[in-house]
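What follows is a single structure, written as structure tokens, with notes after it.
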Amino acid sequence: MNGCARAELTTSQRVIAKKNKVQQGKDFMSLEGQLIDQKSLRAVTGKTADWNEIAKDCIAFAKATGGRLLLGSEGVQDAPSAGQQFRADLPDTVRGKLVARTINRAVLPDVATAANGGQYIELRIPRAMAMASTTDGRYFLRVADQSKPVTGDDERGQKLNKLVWDDHRQSPTELIEPHRLAALVLEHLQRYPESAISCIHGRVGGEIHPKQVKRALEDLIGRWAVRCEGDYRWRRYWAVS
């Protein structure tokens, strides 16, 4: 093989490698859009807050494999503004607003700090154990990096209608497996120690029967993973570190 042939082969290999790199980038961006989305802090504060838009994304993530909303930054690669701060009660406000607008989905808001010192809220949305929707009965699916409404006019809508019907025929104990519920309860207590059972129930999912949450707590106490103090409505729970 002469030098020209070797040079041509090298050029061809470079072109193939470049195409592979571009494709990997597209695949990464696709995964990023399906599992993570970012919103400006304006979407959850003041007069610019758009709670219905945030609720739509939560439903779409919950219908898939779950996902994360990063509230406080814009663009896939952007970090929050340096030194960005917000009120300490904003995560609870976000959770409360979404609870009022959605059904059968849980959200776990956490305050995170970027390398530049800017704060943002990492809103984790677990996969829904029951059929998640908005309170006005709308359903959404995550398609690439967008949350798309589902109607009965397309194939996705017809499949979803069947899932809704099947889901309504399930009893509450069929909606979530005990070990998954126990994991959610334990995670809540690690983040929010000294919680009442009503608080735990509200955070892990109001669609779950309270008796299931109580059984999960009893199981965790029996495994020495959780401890409690007090009686009746004054009882509080902690995760054992």
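The values are calculated or read from the model by the stated rules, or taken from the named source; none is laboratory data. Keep in mind it's a predicted model, so treat the numbers as computed, not measured. Note: ideal-geometry Cβ built from the backbone for every residue, glycine included; neighbour counts use all protein chains shown.
If we scan the stretch 34-52, do we find a residue that is modelled with pLDDT under 85 and under 19 Å from MET129 (Cα atoms)? Looking through the stretch 34-52, at least one residue is modelled with pLDDT under 85 and under 19 Å from MET129 (Cα atoms). Taking each residue of the stretch 48-70 that is over 12 Å from ARG142 (Cα atoms) and looking for partners that are part of a loop (DSSP other than H, G, I, E, B) with beta-carbon atoms closer than 7 Å, six or more apart or interchain, yields TRP51/ARG101; ASN52/ARG101; ALA55/ARG101. Just so you know, in the stretch 198-229 the residues that are at pLDDT 90 or above and touching a strand residue (DSSP E or B) at 6+ places or on another chain (Cβ under 8 Å) include one that is surrounded by the most Cβ atoms within 10 Å (Cβ to Cβ), and it is LEU217. Within the stretch 45-58, restricting attention to residues that are of a type outside the set (Asp, Glu) and closer than 16 Å to THR102 by Cα, the residue that is surrounded by the fewest Cβ atoms within 10 Å (Cβ to Cβ) is ASN52.
Restricting ARG68, ARG95, ARG127 to residues that are outside the structural domain of VAL204 (by TED's automatic domain parsing) and in contact with an Asp or Glu (Cβ under 9 Å, 6 or more places away or on another chain) narrows the list to ARG68. Filtered by the rule that a residue be among the hydroxyl-bearing types (Ser, Thr, Tyr) and free of Cβ contacts under 8 Å to residues at least 40 places away in the same chain, the stretch 210-240 gives a lone residue, TYR232. If I go through the stretch 86-96 residue by residue, how many of them are under 15 Å from ALA112 (Cβ atoms) and either surrounded by 13 or more Cβ atoms within 10 Å (Cβ to Cβ) or in contact with a Cys (Cβ under 8 Å, 6 or more places away or on another chain) (or both)? Residues that pass the stated criteria total 4. Taking the criterion of being more than 17 Å from GLY67 (Cβ to Cβ) and modelled with pLDDT of 85 or more, the residues of the stretch 117-137 that qualify are GLY117, GLY118, GLN119. In the set (1) under 24 Å from ARG124 (Cβ atoms); (2) not in a strand (DSSP E or B), the condition left unmet by TRP238 is number (2).
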